[in-house]
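Notes for the one structure printed next.
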Amino acid sequence: MTPLVQARDSYTFDSARSSITFTAHQFIGTTTGRFSQCSGTIEIDREHPERSSVSARIEVKSIDTKIRKRDDHLLSPEFFDAKRFPEITFKSRAVTQTGPQAGDITGEFTMHGVTRSVVLHVRLLTPIQSGATPERIRWIITTEPLKRRDFNLMFSKTAEAISGIGQDVGVKLEIEATKTGP
């Protein structure tokens with residue numbers, strides 16, 4: 001009897017080897033930051049990629065813009081309100097393969113208590129050969145810029161008028177994950 005071949009693989013994010021960065025324009029410059037703590041799972045169905053799924057969590061308190069005073073302000077009730085909303089989450093609803101190692105993942109993105117549908121554009125950097133998946137995989141993920149106002153991440157009207165911070169926030173993720181399932 002031939003053993004059943006499993007075409008589904010499970011992976012868990014490696015937070016230490018992953019990178020979640022963001023950019024926002026302010027006046028003539030650009031502010032860059034990152035979140036250092038994330039967790040998540042990736043389920044890959046090699047025979048039916050559309051059945052694959054992703055779920056992820058980012059700890060808001062792990063924000064780092066290299067300026068402690070700014071980070072403290074971003075974590076405050078005036079902005080992220082990290083005590084009330086400690087996580088940013090994503091849960092996929094649909095996966096569409098767009099190339100041999102690329103796809104779009106549509107899902108529910110929740111930040112600051114607001115959930116919106118977001119499309120992630122993913123590209124697998126780890127070559128998959130002979131239909132087998134490796135023990136570690138690395139992805140680059142981008143999305144259209146997020147609008148701060150869509151997630152109620154706004155200062156008071158007065159501060160907003162003089163802050164010079166743009167509404168668009170660029171997001172880029174590089175996720176490395178370790179195989180945990182068959």
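The values are calculated or read from the model by the stated rules, or taken from the named source; none is laboratory data. Everything numeric in this text was worked out from a predicted model, so none of it was measured. All Cβ positions, glycine included, derive from the backbone under ideal geometry; neighbour counts span all protein chains shown.
Does Thr41 qualify as being part of a strand (DSSP E or B), in contact (Cβ under 8 Å) with a residue 24 or more places away in the chain, surrounded by 15 or more Cβ atoms within 10 Å (Cβ to Cβ) and of a type in the set (Val, Ile, Thr)? Yes, satisfied.
Please verify whether region 39-61 includes one or more residues that are under 18 Å from Asp168 (Cβ atoms), under 15 Å from the mean Cα position of the chain (by Cα) and modelled with pLDDT of 95 or more. Within region 39-61, none of the residues are under 18 Å from Asp168 (Cβ atoms), under 15 Å from the mean Cα position of the chain (by Cα) and modelled with pLDDT of 95 or more. The set of residues from region 80-114 being farther than 17 Å from Leu153 by Cβ and outside any strand (DSSP E or B) comprises Pro100, Gln101.
For region 69-91, the condition holds for at least one residue, the condition being that it is touching a strand residue (DSSP E or B) at 6+ places or on another chain (Cβ under 9 Å), at pLDDT 95 or above and basic (Lys, Arg). Filtering region 58-79 to residues that are surrounded by fewer than 17 Cβ atoms within 10 Å (Cβ to Cβ) and part of a strand (DSSP E or B) leaves Glu59, Asp64.
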